[in-house]
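The structure appears below as structure tokens.
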Amino acid sequence: MTAIQTDALTKRFGEDVLAVDGLDLEVREGEVFGFLGPNGAGKSTTINMILGFLQPTSGSVSVLGMDVTRESLAIRQRIGLLPEGYEPYENLTGREHVQSAIHAKAADDDPDELLERVGLAPDDARRAASEYSTGMAKRMSLAVALVGEPELIILDEPSTGLDPDGVALLRSIIQEETERGAAIFFCSHILEEVEKVCDRVGILNQGELVALDTIDNLRSELQTGATVSAQLDAVPEPLDVASVDGVRTASVTDSTVDVEVSSSAAKMDALRYLDDRATVEDVRIDDASLEALFDEYTGHGSANETTTESAPAAEQRAAADGGESA
Ligand SMILES: Nc1ncnc2c1ncn2[C@@H]1O[C@H](COP(=O)(O)OP(=O)(O)OP(=O)(O)O)[C@@H](O)[C@H]1O
């Protein structure tokens with residue numbers, strides 16, 4: 001089943017702001033879909049339409065085959081949400097947060113098991129969650145998002161505030177969840193993390209989807225290239241590796257040849273060329289970073305900018321808990 005489908009999804013704010021412009025997107029069962037874009041690109045607006053908090057100006061969105069406007073409560077029972085900037089309720093322990101989500105979703109999870117899974121110690125689980133550190137609150141809201149084995153899990157900036165152990169744990173939980181068939185919608189500014197966990201990415205820029213593919217395919221399409229560094233037993237004279245198709249430049253440092261290529265295919269061609277003329281003792285290939293790709297598609301140097309908060313936080317929190325907003 002398709003987890004999320006948007007057709008020509010559009011949102012205007014007043015006359016002047018076209019926040020989301022004709023978005024066609026499909027997130028499939030069992031995949032981790034990365035949703036990227038610079039500040040103000042329209043990501044939060046899209047998420048809020050997916051969750052039914054904002055009405056589209058035109059176009060449509062369905063989640064798990066259901067219409068978001070008509071069946072939003074049924075959808076919330078079957079999805080998990082980790083909202084950006086989740087603020088725990090005053091005076092509720094971490095365990096009580098998870099328990100109330102279990103209750104709201106009529107699920108039969110064991111709260112202690114979920115809290116253990118996200119690495120929250122039993123003593124901490126019984127403390128007021130409003131006193132939690134950012135990372136602890138993030139772990140708790142991840143436990144809440146996992147309640148009821150959701151078919152779709154929306155993670156908005158899930159790794160922000162997590163320590164390296166937490167990031168590794170998040171990654172393995174994502175893998176386990178996709179293995180049981182859940183789809184993950186992974187919205188993040190941390191490109192390194194996106195690159196590690198996502199099967200496909202969509203890049204939004206000024207409300208428009210400017211890229212939609214696997215990271216590998218986006219690399220080949222843009223020909224952002226790679227650097228092949230080969231350590232040889234002896235550098236051949238003349239080297240002339242620049243004569244290989246797709247090689248941009250080559251330089252030599254001691255016995256290491258660094259070859260910059262313009263496409264994925266040229267990596268192997270350059271390596272074969274060197275291997276025919278010398279013994280390759282070691283090799284390293286650096287593909288263009290997702291950051292470089294992001295830059296190409298959006299004209300922004302980095303996605304790691306300060307975020308603005310435009311999501312209706314109370315509604316997101318209520319949805320994360322599996323219920324309705326007040
Ligand atoms: N309630 C609103 N009223 C008017 N304009 C809005 C509203 N919410 C968002 N916008 C505008 O819509 C555009 C997209 O904003 P949105 O918050 O969706 O971007 P974003 O990609 O989530 O950004 P960020 O990465 O900074 O969180 C921006 O120009 C923003 O100013």
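The values are calculated or read from the model by the stated rules, or taken from the named source; none is laboratory data. Everything quoted here is computed from the prediction, not taken from an experiment. As a convention, Cβ positions derive from the backbone with ideal geometry for all residues, glycine included, and neighbour counts pool all protein chains shown.
Acidic (Asp, Glu), touching a strand residue (DSSP E or B) at 6+ places or on another chain (Cβ under 8 Å) and either under 21 Å from residue 33 (Cα atoms) or assigned to a strand (DSSP E or B) (or both): is that true of residue 90 in this structure? Answer is no for this residue. Quick check on the range 61-72. Is at least one of its residues among the small types (Gly, Ala, Ser), surrounded by 14 or more Cβ atoms within 10 Å (Cβ to Cβ) and part of a loop (DSSP other than H, G, I, E, B)? Checking the range 61-72: not a single residue is among the small types (Gly, Ala, Ser), surrounded by 14 or more Cβ atoms within 10 Å (Cβ to Cβ) and part of a loop (DSSP other than H, G, I, E, B). Taken together, the criteria place residue 76 among residues that are touching a helix residue (DSSP H, G or I) at 6+ places or on another chain (Cβ under 6 Å), modelled with pLDDT under 95 and part of a helix (DSSP H, G or I). Of the residues 149, 116, 90, only one is surrounded by fewer than 20 Cβ atoms within 10 Å (Cβ to Cβ), free of Cβ contacts under 8 Å to residues at least 40 places away in the same chain and either in the same structural domain as residue 7 (by TED's automatic domain parsing) or among the acidic types (Asp, Glu) (or both); which? The unique qualifying residue is 116. Taken over the range 152-200, the residue count meeting the criterion of being within 18 Å of residue 81 (Cα to Cα), without any contact (Cβ under 8 Å) to a residue 60 or more places away in the chain and among the aliphatic types (A, V, I, L, M) is 5.
Out of 234, 270, one residue alone is surrounded by fewer than 14 Cβ atoms within 10 Å (Cβ to Cβ) and either modelled with pLDDT under 95 or over 30 Å from residue 172 (Cβ atoms) (or both). It is 234.
The set of residues in the range 1-21 that are small (Gly, Ala, Ser), surrounded by fewer than 22 Cβ atoms within 10 Å (Cβ to Cβ) and in a strand (DSSP E or B) contains only 8.
If you filter the range 22-37 down to residues that are more than 17 Å from residue 195 (Cβ to Cβ) and crowded, with 18+ Cβ neighbours inside 10 Å, you find that the one that is farthest from the ligand (Cβ to nearest atom) is 27.
Take the range 220-274 and flag every residue that is touching a residue at least 60 places away in the same chain (Cβ under 8 Å) and either in contact with a Lys or Arg (Cβ under 6 Å, 6 or more places away or on another chain) or of a type in the set (D, E, K, R) (or both). The one that is touching a residue at least 60 places away in the same chain (Cβ under 8 Å) and either in contact with a Lys or Arg (Cβ under 6 Å, 6 or more places away or on another chain) or of a type in the set (D, E, K, R) (or both): 226. Scanning the range 1-50 for residues that are modelled with pLDDT of 95 or more, over 17 Å from residue 205 (Cα atoms) and among the acidic types (Asp, Glu) yields a total of 3. Looking for something more than 24 Å from residue 25 (Cα to Cα), in contact with a helix residue (DSSP H, G or I) (Cβ under 6 Å, 6 or more places away or on another chain) and not polar (S, T, N, Q) - is there at least one such residue anywhere in the range 170-187? No, that holds for no residue.
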